[in-house]
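To keep things clear, I will list the structure first and then write my remarks on it.
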Amino acid sequence: MTRKVAGTRSRLVFAAALLFVAAIVLGSLMRRATPGAADPDTQEITTAEVSATIRERIANLDAKMMTEEEVRGAIEDQLPVLGARGFIWLSIASRNIDVLVGTDYNIDNVMGSIIGENFWHERLSLAPVNAPDELQPLYFTYMNSGIGATWGELIIASAGPTDAHVRTSVAFMIAMWACLCAAAVCVIAILLLPSNHAIRRGRLWTPLRRGLALVLVGALLVVPIVWTLVSKTHAEARQQFSRGTDLVVTSTANTMSEWLSTGEVSAAYLHATYAMSYPDCSFRILVDGKLQDRAGVDYGPAAYQKPGDPATWRNLAPFIEGGTPRPAYLTTATKDNVRVELVAPEPDYWQVIRLRCTLLWVVPALLLVLFALGYLTSRRHDPTVPSSEEILRHSVVRQAVLTVLVVCLALVPAAGWFLQTYEAAAVGRLDKSLQQDAAALGSLLSSLDPSVAARKSLQIADSTLAVARTGMIYSLKFRLKDGREDGLNINPADSMLSVVTGTTTPTTRIIANHTEASVPPGYNLSVRVIGGGGRLKDGTVYTFLLGTTMRPVQQDMRELWKAAAWAGPVAFLFVVLAGLIAASLALHPVAESMRRLEQFTADAGHELRTPLSSIRLNAQVALNQDQQPDEFRRHLTAIASQAERSTHLSESLLLLARLDREQSAPLAPTQLLDLWTDLHSAHAEALDAKSVTFQTPLEALTVTSNRELLTVALDNLVDNAVRYAPDGTSVTITAQQTEGTVTIAVTDQGSGMPPDALPLIWDRFTRVDPSRSRQSGGNGLGLAIVRKAVEAMHGHVAVTSEVGKGSTFSIILPAS
């Protein structure tokens, strides 16, 4: 591996580790981004537990002698679990006790007539008295009942995270996921970096990395372009929406001015008429500057406008329900003494939806084209031949990516089934709500007289029915006693919807779209309708049609697609990363084996080339006719010596190949005394030539081994010891049995080896001093054969050495 690749890999590893640490830190900060706020998911349980605790404590107090200090002491310690801005209010009228602990929200003025019910719970967004500009989401629980021997009112409010807290938490979450994705990219880059030691500098720019680099460059260029397109399209759609809304308000002001001269104004009529175009909208009608009527979602004082204020956009949340604020358009129109105010939450514009859908397909296709372009052009201009390790690595990576793609394609039918099931569940929820509203409307109509049925039922339905918020279709028909037909129509398309009148099964119908901002002009609008009938209070027969848009279902599906658009690429990235990691783990031993095989082949070729070259040179010299017999004999002797060396090397290579193939050898009890005799006979000539003394144990020991392999291992150790032993020294073999094992040690008095060389001497073709080994006839395979032979006998090897004093090689085998 080149230094540049090694440095790049180290930097990537450091960057990945740093990014993972940053993600952990950001995750911790995300969890701490809501200081002093109660968990929204557990607010109901927390308030219920606090309520039960307080009621139990108040019940244990003496009802006739309790004081405000005792009551305060009983409830103060429960405040921390309600958040930093939570509060507890307890009023016991019989004892003239009124205790408030926590943040003051001026609760009496805010709750109004609601604090007349015995029990309710609601989510509200209120501003503290000391911070009127900061809305705080709260979960309220109110109870007006007996507490022990007394009667009291109890309000418990749990303060959740504010909008600023939520934005901070979301920012940390986005940063955390960005760090995780960047770390994943670093890990993928690490896996794709080459690991071949012989790779050249020009080979670092592989087709896969070139394609990924082009994808990264393309993504960096596409992001600002996409952001600009979406922002510009959104601004144009918002401007068009504002103009249309201003026109609607002007028209409604003219209508209400005319109604005022003939009767009374009706905000419910306006809301029921325009809620299909402006879901969750709010209408306020003021006459001579005083509120005359209002209908729709209450956004509180933040949605009020002063006379003369221009139309504007504000972030608003429902005053009673709370929740995350969303952009809303506030506009007014005045006709004579009638002033109409409209709050219209911003919809999902069809222009933006269409652009996002287009980009969702175009951007991935563009990045795929860039990747293919970089991959194919790199392959076309890459003249170098990759190594077998590179070929294997790229094949495994491509196979892993292909497998992930096949799995993703196989999941497409499952995803389609999930989408259909999810949509069916959303339609089921809408149908259930529609049926409940139809039942409530039928019960309401049965209690009304014909004279007020149309007007009164519309006002009550608009304020109580759930379908009124998403756009209500309401048609009521009945015949008076004098034969005249009466009723009303709000948003029905009679030609298309009258056919379902009388059925109690929700049905989907298609009507023409006029002002729905999320549906392109010219496209139809899907509505869900249900019919019903009965008798009014005086027995008059009526039929009604009730319906709403499919907007709740479409919003649920849109949110699902948005989640999939964010989670899908992240999930795909991690699936690919998991596949690459699994492939890398599976590839590592194979790649290491191939690397060793390449190194082994290169070393073996080098070792065989030396004696073969010597044989060729001596043969050429011997063939010279001018050579004398003695010279001719000397060259033939050299040829025979080199041939013997080549034969020995070939036999060693074949033995190593057999040991690699056979991981275990048949074992049997072996007498060591017989081996000492064989070793002395085999090395007698070399020992005499160097006057080296050969010492062996005298006691009889039996070891469980393969006699052939043990002989080969000891023969190589003794051969090395004699070869490197100085003249006149000794080579000693010891055998010792301890706790079920027999340790055979071969000790020489040679020059020894440095400590850093000891872990490497068991590798093939490894020499501590290559020149000295070559002069002494070694080929660097002896110790490798020793280790493989001992491991085949379920044993292991060890070595100790000291420079200038010699070495000791040990074979540890199981005893008989």
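Couple of notes before you dig in:
- Those helices (runs of 4 or more DSSP H) lying entirely in the stretch 1-103 with at least 2 residues within 24 Å of Met173 (Cβ to Cβ): 3-31, 43-60
- Per the listing Leu419, Leu458, Leu448, Leu441, the residue uniquely under 25 Å from Ala565 (Cα atoms) and touching a residue at least 60 places away in the same chain (Cβ under 8 Å) is Leu419.
- Boolean, Arg238 is part of a helix (DSSP H, G or I), closer than 19 Å to Phe371 by Cα and either of a type in the set (D, E, K, R) or in contact with a strand residue (DSSP E or B) (Cβ under 7 Å, 6 or more places away or on another chain) (or both): no
- Yes/no for Leu476 being modelled with pLDDT of 85 or more, under 27 Å from Tyr278 (Cβ atoms) and either among the aromatic types (Phe, Trp, Tyr) or assigned to a helix (DSSP H, G or I) (or both): no
- Residue satisfying all of: in the stretch 354-381; more than 25 Å from the chain's Cα centre (by Cα) and open to solvent by less than 60 Å² (accessible area, probe 1.4 Å); modelled with the highest pLDDT among these: Leu355
- Any hit, the stretch 492-511, residues being open to solvent by less than 60 Å² (accessible area, probe 1.4 Å), more than 28 Å from Asp449 (Cα to Cα) and at pLDDT below 80: yes
- Those residues of the stretch 319-353 which are free of Cβ contacts under 8 Å to residues at least 40 places away in the same chain and crowded, with 17+ Cβ neighbours inside 10 Å, in sequence order: Ala328, Leu330
- Residue in the stretch 8-28 that is of a type in the set (Lys, Arg) and closer than 28 Å to Gln136 by Cα present: no
- Residues that are part of a helix (DSSP H, G or I) and touching a Ser or Thr at 6+ places or on another chain (Cβ under 6 Å) were ranked within the stretch 340-363; the one that is farthest from Leu286 (Cα to Cα) is Leu355.
- Search result, residues across the stretch 721-754 that are more than 12 Å from Gly806 (Cα to Cα) and in contact with a strand residue (DSSP E or B) (Cβ under 8 Å, 6 or more places away or on another chain): Ile733, Thr734, Ala735, Gln736, Gln737, Gly740, Thr741, Val742, Thr743, Ile744, Ala745
- Residue match in the stretch 181-202 (condition: open to solvent by 20 Å² or more (accessible area, probe 1.4 Å), modelled with pLDDT under 85 and among the hydroxyl-bearing types (Ser, Thr, Tyr)): yes
Condition check ((1) farther than 23 Å from His165 by Cα; (2) surrounded by 13 or more Cβ atoms within 10 Å (Cβ to Cβ); (3) in contact with a helix residue (DSSP H, G or I) (Cβ under 7 Å, 6 or more places away or on another chain)) across all residues:
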site	(1), (2), (3)
Gln43	no, yes, no
Ala52	yes, no, no
Asp62	yes, no, no
Glu70	yes, yes, no
Ala74	yes, yes, yes
Val81	no, yes, yes
Phe87	no, yes, no
Ser91	yes, yes, no
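- Selection count where residues are surrounded by fewer than 19 Cβ atoms within 10 Å (Cβ to Cβ) and of a type in the set (A, V, I, L, M), scope the stretch 218-275: 12
- Any chance Asp133 is acidic (Asp, Glu) and out of contact with any strand residue (DSSP E or B) (no Cβ under 7 Å at 6 or more places or on another chain): yes
- If you go through the stretch 293-302 and pick out every residue that is modelled with pLDDT of 85 or more and surrounded by 18 or more Cβ atoms within 10 Å (Cβ to Cβ), you end up with 5.
- Residue check for Gln435: polar (S, T, N, Q) and surrounded by 12 or more Cβ atoms within 10 Å (Cβ to Cβ): yes
- Residues that are in a helix (DSSP H, G or I) and exposed (fewer than 10 other Cβ atoms within 10 Å of the Cβ) do occur in the stretch 668-681, at least one of them.
- Every pair of residues 6+ apart whose Cβ atoms lie under 8 Å, when the first sits in the stretch 667-696 and is in contact (Cβ under 8 Å) with a residue 40 or more places away in the chain and within 15 Å of Leu709 (Cα to Cα) while the second is open to solvent by less than 50 Å² (accessible area, probe 1.4 Å) and small (Gly, Ala, Ser): Leu667/Ser705; Thr670/Ser705; Leu672/Ala735
- The set of residues in the stretch 693-705 being of a type in the set (Ser, Thr, Tyr) and in a loop (DSSP other than H, G, I, E, B) consists of Thr696 alone.
- Helices (runs of 4 or more DSSP H) within the stretch 706-798 that include 2 or more residues at pLDDT 80 or above: 707-724, 782-792
- Wholly enclosed strands (runs of 3 or more DSSP E) of the stretch 263-339 bearing at least 1 residues closer than 16 Å to Thr250 by Cα: 282-287, 312-316, 326-335
- Residue ID - most open to solvent (accessible area, probe 1.4 Å), chosen from residues in the stretch 560-572 that are free of Cβ contacts under 8 Å to residues at least 12 places away in the same chain and under 17 Å from Val170 (Cα atoms): Trp566
- Among the criteria (1) free of Cβ contacts under 8 Å to residues at least 60 places away in the same chain; (2) within 38 Å of the chain's Cα centre (by Cα); (3) open to solvent by 10 Å² or more (accessible area, probe 1.4 Å), the one Pro310 does not fulfil is (2).
The values are calculated or read from the model by the stated rules, or taken from the named source; none is laboratory data. The shown structure was predicted, so the numbers you read here are calculated from the model rather than taken from an experiment. Every residue, glycine among them, receives a Cβ derived from its backbone with ideal geometry; neighbour counts consider all protein chains shown. Just so you know, the surface numbers come from the protein's heavy atoms only, side chains and all, with ligands and any DNA or RNA stripped out. Shrake-Rupley method; radii C 1.70, N 1.55, O 1.52, S 1.80 Å.
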